[in-house]
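Okay, so here's the structure we're looking at.
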């Protein structure tokens, strides 16, 4: 093992430790908060993990819940590598879901698997187009993607809301939704009576591909360089604008695929609300993974387990499963600034050390 | 267009501008101290939920407002610690604060009232015309009607805008704060504690955003509803940018947002689909954001620290 790869491994271990610590402390604080609400800390966590990992149904639900999170988490990770905070994932997901639904409903001449693949591609294009728009705003006008993303989220969700309440709503439908997509566009399920579909496999493959893109290609190298130091990259002759555009398109495409996966695998049509804030939950997923595409796979599954567990529990008893949202937010805080956890620990450690060395120093003073 | 519609537009524009105005003035302080106010949304959400909790538990809307302000400041202090102390990128620290604010709202609904989606109704502020001690204002000629339709918050907001402007532009404190935002290294050289001024800027932002949140829940709705901030924290940033990070400029710019926001209520039921009307304020904000960013004159040293 040479010096370089040894450093990479030790960095990896550091990152892993940092994320694990962040998650642990976040879970701990989440636990304290729910105990303040009169729930038992231990009971809630055992119930959650029993619910999600104890039964095969729970495990399938965990993976199904993880799927959209993985897509948006991967999307966020792609952006942040270039220094882009893509807050438009939610809107991109909706747009991807819409374009996928349109292709799924109206393109009726393709055979089964091809149709499903083309439909997913349409989702990626829909999401990517929104990313492209944000990238254009950023590179041409200097508009921060954080704000344009949030505004586009609202605009797109109102727009799709208008479509499913009006032009796209079939006459016989009671609730706001489009007509069902064709059978040929549906994703096949990995287990019966589960919402787990082939989308998960697609996403895992994409995570690996993006990882390879970032680590093994010139494009990936350029993106990383821009993300680390835009000025230095510019001096080195890398076109930063191009990288921002590429990252936002790719990032939006991932969120769009997430929307397509929801339409093709879960709802079988486009409905008014296809996402419960999956776009924003991509941020904690990516943060927990230290913004590493391979890590996203595991981070998404972990949050999937937490969420699914909380839902499973919630069916029998009432547990505030909203606390999972708080755990996620805290993970972002602690991963961003690990010193918040580490500096108190260090202070305590140095305090204990001082206590130990106190008498020794005093002794020396006496001898002198 | 008849007079009724014009009056309705004026009154609801003023009413709907208030939260964005308050938060935008907060953003002015934060930006002038050199910290991008990305966490506004979370501070507003925290303010909105704690206003309702305070009002529900004590039956006093004023305790609710106090709690909202404190919650906003608490959340903003997290943003400040992350960005100023630990030098986390302001965008990322702001986003984490926003996620936390939204999560707090959802969790509090479940823990306090065992509900999800929205809280029960609580004691809230009424219109000036319906408030006994203030109803004389509604009888002032010409502006009486418009004023009577506003809440006490409207008056508070006017005071906040003026005091904010005086503070930033007519006091030593404000001069120093602006210097920290322009050039933290130079400010540090002349002996200004840049860290303290940055903290203060962010805390004022939290205070005013918390107040804006209290307006949303205690004046707008009488209750907390999930996602009721609806991106207004980000809108406030854009509005602040349009107002060149000056409290008075921000306040005037906020009126535009209020105008586009009120159309959905004024033209309710007129043949345009409601979603398209609801989209308008965001389309407006997006256009402002895209068109104004390059030529906006914010402080030069935003995001810089004195020791980096």
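Bear in mind these aren't lab numbers, they're just calculated from the coordinates by the rules spelled out. The structure presented is a predicted model; accordingly, all values stated were derived computationally and were not measured. Positions of Cβ are backbone-derived with ideal geometry, glycine not excepted, and every protein chain shown enters the neighbour counts.
For this structure, a couple of remarks:
- In degrees, nearest ten, helix B:232-242 long axis to first principal axis of chain B (Cα): 60
- Note on residue B:135 and residue B:287: with the Förster distance fixed at 45 Å, the Cβ-Cβ geometry gives a FRET efficiency of about 0.65.
- Mean-position separation - Cα centroids, segment B:110-136 and segment A:1-76, in angstrom: 39
- Contour minus Cα-Cα distance for residue A:117 and residue A:351 (0.36 nm per residue): 78.2 nm
- Residue order, fewest to most surrounding Cβ atoms within 10 angstrom, among A:301, B:276, A:84: B:276, A:301, A:84
- Using just its DSSP H runs of length 4 or more, each adding -39500 (n - 2.57), chain B gives a mean residue ellipticity at 222 nm of -22000 deg cm²/dmol after division by all residues.
- Spin-label model, residue A:208 to residue B:10: label points 7 Å out along the Cα-to-beta-carbon direction sit 6.8 nm apart.
- Residue order, fewest to most beta carbons within 10 Å, for A:90, A:322: A:322, A:90
- Between residue B:142 and residue B:300, the distance separating the two model label sites (each 7 Å from Cα on the Cα→Cβ line) works out to 4.4 nm.
- Ranked by the mean number of other Cβ atoms within 10 Å per residue, highest first, peptides B:286-295, A:74-83, B:257-266, A:284-293 order as A:74-83, A:284-293, B:257-266, B:286-295.
- For the segment A:277-289, counting C-beta atoms of other chains within 10 Å of every residue's C-beta and taking the mean gives 2.
- Spin-label zone in segment A:14-39 - amide nitrogen under 19 Å from a point set 7 Å from the Cα of residue B:85 along the C-beta vector: A:22-23, A:25-26, A:29-30
- For residue A:45 and residue A:342, a Förster radius of 22 Å and the Cβ-Cβ distance give a FRET efficiency of 0.35, rounded to the nearest 0.05.
- Taking the longest Cα principal axis of chain A as reference, the axis of helix A:240-261 is set at about 60 degrees.
- Ranked by how many other beta carbons lie within 10 Å on average, peptides B:126-136, A:22-32 from highest: A:22-32, B:126-136
- Length available on full extension from residue B:158 to residue B:196: 0.36 nm per residue minus the Cα-Cα distance, which gives 11.0 nm.
- Helix B:247-266 and the longest principal axis of the Cα set of chain B meet at an angle near 30°.
- Tensor-based shape of segment A:1-68 (alpha-carbon gyration tensor, a/c under 1.5 rounded, otherwise prolate or oblate): oblate
- The simple spin-label model puts a point 7 Å past each Cα toward its Cβ; for residue A:107 and residue A:218 those points are separated by 3.2 nm.
- Ranked list, fewest to most other Cβ atoms within 10 Å of each Cβ, for A:136, A:219: A:219, A:136
- Residue-averaged beta-carbon neighbours from other chains (10 angstrom radius) around B:230-237: 3
- Mean shadow area of segment B:196-308, taken as a quarter of the surface of its Cα convex hull (nm²): 9.0
- Zone residues, segment A:29-59, relative to residue A:193, backbone N less than 12 Å from point 7 Å out along Cα-to-Cβ: A:56-58
- Rounded if a/c under 1.5, otherwise prolate or oblate - the protein assembly as shown, Cα gyration tensor axes: rounded
- Highest-first packing order for the peptide set B:150-158, A:120-128 is A:120-128, B:150-158, based on the mean count of other beta carbon atoms within 10 Å.
- The mean number of Cβ atoms from other chains found within 10 Å of a Cβ in peptide B:276-283 is 5, as a whole number.
- Adding -39500 (n - 2.57) for every DSSP H run of four residues or longer, then dividing by how many residues chain A holds, sets the calculated 222 nm ellipticity at -26000 deg cm²/dmol.
- Three-way shape call for chain B based on the alpha-carbon gyration tensor, with the a/c threshold at 1.5: prolate
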